[in-house]
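**Q** So that we are looking at the same thing, I have put the structure below in structure tokens.
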Amino acid sequence: MTDLRARILAHLDQLEQTARDVPGASIWNARQVAGMTRVAPAVAEHIAQWSPARVLPWTSGARELTELHHDVDGSCVTCLEAYPCPTLSVVARTLGVIPGGSGGVVL
């Protein structure tokens with residue numbers, strides 16, 4: 001099994017890079033999204049809520065949590081529980097990374 005922490009960090013890297021690649025990342029709102037894509041208002045609102053301006057701070061927080069929880073001799077250095085600890089497992093599930101899996105991401 002690949003290290004859960006490494007899989008989380010790789011997924012965060014991917015999300016952050018995608019967010020940084022979006023042009024005009026700081027000006028998203030539902031009306032602009034609807035105008036550019038012609039999607040329904042509810043879909044446009046959802047897309048606007050996942051704009052890079054929101055994704056980047058969220059991934060930063062998830063990265064901070066992940067960095068705090070790592071394996072030393074089979075235990076999490078922060079929680080002192082068996083590694084991967086419950087906190088790291090929650091971060092993984094939040095990202096769609098399967099905690100006990102072999103590397104895949106659920107989308």
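**Q** Which ordering of 31, 38 is given by a fewest-first count of other beta-carbon atoms within 10 Å?
**A** Ordered by Cβ neighbours within 10 Å, fewest first: 38, 31.
**Q** Right, something else. Local charge sum around residue 78 (other residues, Cβ-Cβ under 12 Å, Lys/Arg +1, Asp/Glu -1)?
**A** -3
**Q** So what's the chain giving for Cα Rg divided by 2.2 N^0.38 Å, two decimals?
**A** Rg over 2.2 N^0.38 Å, computed on Cα atoms: 1.28.
**Q** Charges on Cβ only, +1 for Lys and Arg, -1 for Asp and Glu, centred on the Cα centroid of the chain; of 94, 78, 39, which one is farthest towards the dipole's positive end?
**A** So the residue we want is 39.
**Q** Nothing charged except the Cβ atoms of Lys and Arg (+1) and of Asp and Glu (-1): what's the magnitude of the dipole of the chain about its Cα centre? Round to the nearest 20 debye. Spell out each step's value before the answer.
**A** Numbers: 8 positive and 10 negative charges, 112 e Å.
Computed about the Cα centre, the dipole is about 540 debye.
**Q** Using 0.36 nm per residue, how much length does the chain from residue 31 to residue 50 gain when fully extended, once their Cα-Cα distance is taken away? Could you put the intermediate results ahead of the total?
**A** On the way: separation 19, 0.36 × 19 = 6.84 nm, distance 1.41 nm.
The residue 31-residue 50 span can extend by a further 5.4 nm.
**Q** Please order 80, 88, 9 by the number of other Cβ within 10 Å, starting at the fewest. Don't jump to the answer; show the numbers that get you there.
**A** Values: 80 9, 88 25, 9 15.
Final ranking by Cβ density, sparse to dense: 80, 9, 88.
**Q** Net charge near residue 66: determine it from the other residues with C-beta under 14 Å of the C-beta of residue 66, scoring Lys and Arg +1 and Asp and Glu -1.
**A** -2
**Q** Quick one: net charge of residue 54's neighbours, Cβ under 14 Å, K/R +1, D/E -1?
**A** My count for the surroundings of residue 54 gives -1.
**Q** Taking H placed 1.01 Å from N in the peptide plane, check which residues at least 5 places from residue 75 or on another chain put their amide H under 5 Å from its amide H.
**A** It is 83, by chain and number.
**Q** May I pose another question? Find how much the distance from residue 38 to residue 79 grows on full extension, using 0.36 nm per residue of separation minus their present alpha carbon separation; answer in nm with one decimal.
**A** Working it through step by step, the gained length comes to 10.0 nm.
We did not get these values from a lab; they are worked out from the coordinates using the rules stated. Bear in mind that the values here come from a model prediction, so they are computed numbers and not experimental data. Reconstructed Cβ throughout: ideal geometry from the backbone, glycine too, with neighbour counts over all protein chains shown.
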